[in-house]
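Notes for the one structure printed next.
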Amino acid sequence: MGRRILVVDDESSIVNGIVELLTEEGYEVVVAGDGDAALRIFAESQPDLVVLDIMMPKKNGFQVCEEMRRSNQAMPILFLSAKGDIVDKSIGFGAGADDYMTKPFIGEELLLRIEALLRRSAPRAVDETTQRDVARIGELEIHFKRHRVYLRGERLDLTPKEFLLLSTMADRPGEAFTTQELVCAVWGEDYAADVTSIAVYIRHLREKIEEDPSKPVYLTTVWRVGYRLGWSSNEEGPAI
């Protein structure tokens, strides 16, 4: 069998459609219909990826995602929900999700996103001779190999995608990154992520690393370009 995917949704018609779609592509699929069952099956089956609904009995998707993240930081989690506004995306990414799709969805797009997430989560060979250990920007420290971030000596609690986004920019401090460059770095070159996803991650990062997220000095907006990580006097105006 192929990679194992856990599908969590209380709507049987949606579950059946996803199961058929994934099994035809060679994936092994396990399913759960509520939050408690999802956590039990997650622990038993050790899936490679989770497709997770939000509005479910017993425990909602946000709660399930947070509990899954406590035991597995690397496994991709994709939210699939009828609620697609930026507030719900923000909560979902804050809970530790890697991606977010809204219902109704196109099966081919779901497959492409799953494939991209699995590629990004696959172990990669690391060139130990060239990889940097630590980037220091003001009072911010990014430890690349240890996957840790400190601000004024205090360790910050970042999700895997937040760390990947921050470390990508920290590797080239002071350089402006376009939104598309950041999408490619976080999800892969052939991945069509919603630009609002990057905006949500940027907002969450600012809430964690900035004293005043509305007036960032580390993670600043470069007008009509994208974002930059560096030490700034906030001359570029308010955060966007």
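Enumerate the lysines that K103 could reach by cross-link, defined here as Cα to Cα under 30 Å, with residues fewer than 8 away along the same chain left out.
K58, K59, K83, K89, K161
In whole Å, what are the Cα extents of the chain along the three principal axes, biggest one first?
Here the spans come out as 54, 40, 32 Å, largest first.
Set the Förster radius R0 to 22 Å, insert the Cβ-Cβ distance between D157 and V217 as r into 1/(1 + (r/R0)^6), and round the FRET efficiency to 0.05.
With a Förster radius of 22 Å, E is 0.60.
Please give the charge dipole size of the chain, origin at the Cα centre, charges +1 on K and R Cβ atoms and -1 on D and E Cβ atoms. Round to the nearest 20 debye.
It works out to roughly 700 debye.
Percent relative contact order of the chain, based on C-alpha pairs within less than 8 angstrom and at least six residues apart?
About 13 percent, as a whole number.
Relative contact order, percent, of segment 4-121 when contacts are C-alpha pairs under 8 Å separated by at least 6 residues?
In percent, rounded to a whole number, it is 23.
Which of D36, D48, D212 ends up with the largest GNM mean-square fluctuation for the chain, with Cα atoms connected below 10 Å?
Of D36, D48, D212, the most mobile in the Gaussian network model is D212.
What percent do you get for the relative contact order of segment 137-211 when only Cα pairs under 8 Å and 6+ apart count?
Contact order relative to length: 23 percent.
Nearest 0.05, what FRET efficiency do E44 and T178 give at R0 = 41 Å with Cβ-Cβ as r?
Once the sixth-power term is evaluated, E becomes 0.45.
All of the numbers you see were taken from the coordinates with simple rules; none came from a lab. What you see is a predicted model; the values in this text were computed from it and never measured. Here Cβ is always computed from backbone atoms with ideal geometry, including for glycine, and neighbour counts include all displayed protein chains.
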